[in-house]
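> Sharing a structure below in structure tokens format, with a few things to ask.
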Ligand code: GLN
């Protein structure tokens, strides 16, 4: 009996268990969760209901599941295999052109919304390096009276962002450019600037988990020799676009709050403090532009 026949006849639950074991033996992180989430997706079931499934899988289901498990064995993240992930209210599509949206970035959106609300809930927002549209689409969805602009250097990422804006039923003005080059039409008018730029030091990248190192685009991770390259450029290049009193909301690495706030201060921004993630680590830097 070929391996394929064996797999085709196994029950749903046994197939999940065997896959979890193979993932575990291969050293893949969260083997059970990976095996269960993929099966739940395949059969359109809740993860918690799989244990009761004694029915055999069809040959087609078994083949698809096996292909997904093979991808996970190569350390492809579950979200990339699924092609989407959840972020705040949204189900965002993802592909190879952009970073997987992270829960950490949800607090960046929260801080930006507070700044927007201080301005009465309607203002012009700019998200730099939007990737799959994570921040920009969330803001447009949660504060529909804002005019949201977003940039990315990757045309592929912008295509995903465009699809995500459409799926969420919101309008985001997408600009294909390096940071903010050529956005002269926005001169002096951006009231909330937000970004989750690449901030990992180049030297740290080889040591990252394979799920990140081998699958997130390097250009979405690499913040240069000291990890601060994009903050430096944001502080240098954005002032012409900013309105007097604009709020600047930046995601930062766990050990970057002092250096990012200091960098901003040295370029004429006023540091306003940091906001923590769920575990209390400062992961958002907040500054204000007062017109230099
Ligand atoms: N802004 C996008 C996100 O938060 C992409 C960030 C990035 O690629 N560094 O997911």
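> Looking only at the range 248-261, how many residues end up being more than 8 Å from residue 287 (Cβ to Cβ) and either assigned to a strand (DSSP E or B) or touching a strand residue (DSSP E or B) at 6+ places or on another chain (Cβ under 8 Å) (or both)? Show your work before the answer.
Step one: of the range 248-261, the residues more than 8 Å from residue 287 (Cβ to Cβ) are 249, 251-260.
Add one more test, that the residue is either assigned to a strand (DSSP E or B) or touching a strand residue (DSSP E or B) at 6+ places or on another chain (Cβ under 8 Å) (or both), and what stays is 249, 251-254, 256-257, 260.
Number of matching residues: 8.
> Pick from 182, 188: which is more than 30 Å from residue 76 (Cβ to Cβ), away from the ligand (no atom under 16 Å from the Cβ) and modelled with pLDDT under 95?
Details: 188 fails: modelled with pLDDT under 95.
The match here is 182.
> Within the range 192-216, restricting attention to residues that are within 14 Å of the ligand (Cβ to nearest atom) and under 17 Å from residue 135 (Cβ atoms), which residue is farthest from the chain's Cα centre (by Cα)?
193
> Within the range 101-118, is even one residue over 28 Å from residue 281 (Cα atoms) and over 16 Å from the mean Cα position of the chain (by Cα)?
Start the filter on the range 101-118 by keeping residues that are over 28 Å from residue 281 (Cα atoms), which leaves none.
For the range 101-118, residues over 28 Å from residue 281 (Cα atoms) and over 16 Å from the mean Cα position of the chain (by Cα): absent.
> Conditions first: (1) touching a residue at least 12 places away in the same chain (Cβ under 8 Å); (2) surrounded by fewer than 23 Cβ atoms within 10 Å (Cβ to Cβ). Residue 252 passes all but one, so which condition is the exception?
(2)
> Kindly establish whether residue 117 is part of a strand (DSSP E or B), under 22 Å from residue 276 (Cβ atoms) and either modelled with pLDDT under 95 or assigned by TED's automatic domain parsing to the domain that holds residue 194 (or both). Steps first, answer last, please.
Numbers: part of a strand (DSSP E or B): no; under 22 Å from residue 276 (Cβ atoms): yes; either modelled with pLDDT under 95 or assigned by TED's automatic domain parsing to the domain that holds residue 194 (or both): yes.
So residue 117 does not fit the description; no.
> Output yes when any residue across the range 229-238 is surrounded by 18 or more Cβ atoms within 10 Å (Cβ to Cβ), under 18 Å from residue 123 (Cα atoms) and assigned by TED's automatic domain parsing to the domain that holds residue 135, and no when none is.
Within the range 229-238, one or more residues are surrounded by 18 or more Cβ atoms within 10 Å (Cβ to Cβ), under 18 Å from residue 123 (Cα atoms) and assigned by TED's automatic domain parsing to the domain that holds residue 135.
> Just the residues that are in contact with a strand residue (DSSP E or B) (Cβ under 6 Å, 6 or more places away or on another chain), more than 19 Å from residue 222 (Cβ to Cβ) and more than 9 Å from the ligand (Cβ to nearest atom), please, taken from the range 139-154.
Residues of the range 139-154 that are in contact with a strand residue (DSSP E or B) (Cβ under 6 Å, 6 or more places away or on another chain), as a first pass: 139-140, 146-151.
Retained after the next criterion (residues that are more than 19 Å from residue 222 (Cβ to Cβ)): 139-140, 146-150.
Once the filter is applied, which keeps residues that are in contact with a strand residue (DSSP E or B) (Cβ under 6 Å, 6 or more places away or on another chain), more than 19 Å from residue 222 (Cβ to Cβ) and more than 9 Å from the ligand (Cβ to nearest atom), the range 139-154 yields 139, 140, 146, 147, 148, 149.
> On to the next question. Could you tell me which of the residues 54, 91 is assigned by TED's automatic domain parsing to the domain that holds residue 28, farther than 21 Å from residue 189 by Cβ, touching a strand residue (DSSP E or B) at 6+ places or on another chain (Cβ under 8 Å) and away from the ligand (no atom under 13 Å from the Cβ)? Spell out how you get there, then give the answer.
Working: 91 fails: assigned by TED's automatic domain parsing to the domain that holds residue 28.
That would be 54, the only listed residue that is assigned by TED's automatic domain parsing to the domain that holds residue 28, farther than 21 Å from residue 189 by Cβ, touching a strand residue (DSSP E or B) at 6+ places or on another chain (Cβ under 8 Å) and away from the ligand (no atom under 13 Å from the Cβ).
The values are calculated or read from the model by the stated rules, or taken from the named source; none is laboratory data. Here the structure is a predicted model, which is why all the values come from computation and not from measurement. Methodologically, a virtual Cβ is constructed for each residue, glycine included, from the backbone with ideal geometry; neighbour enumeration extends over all protein chains shown.
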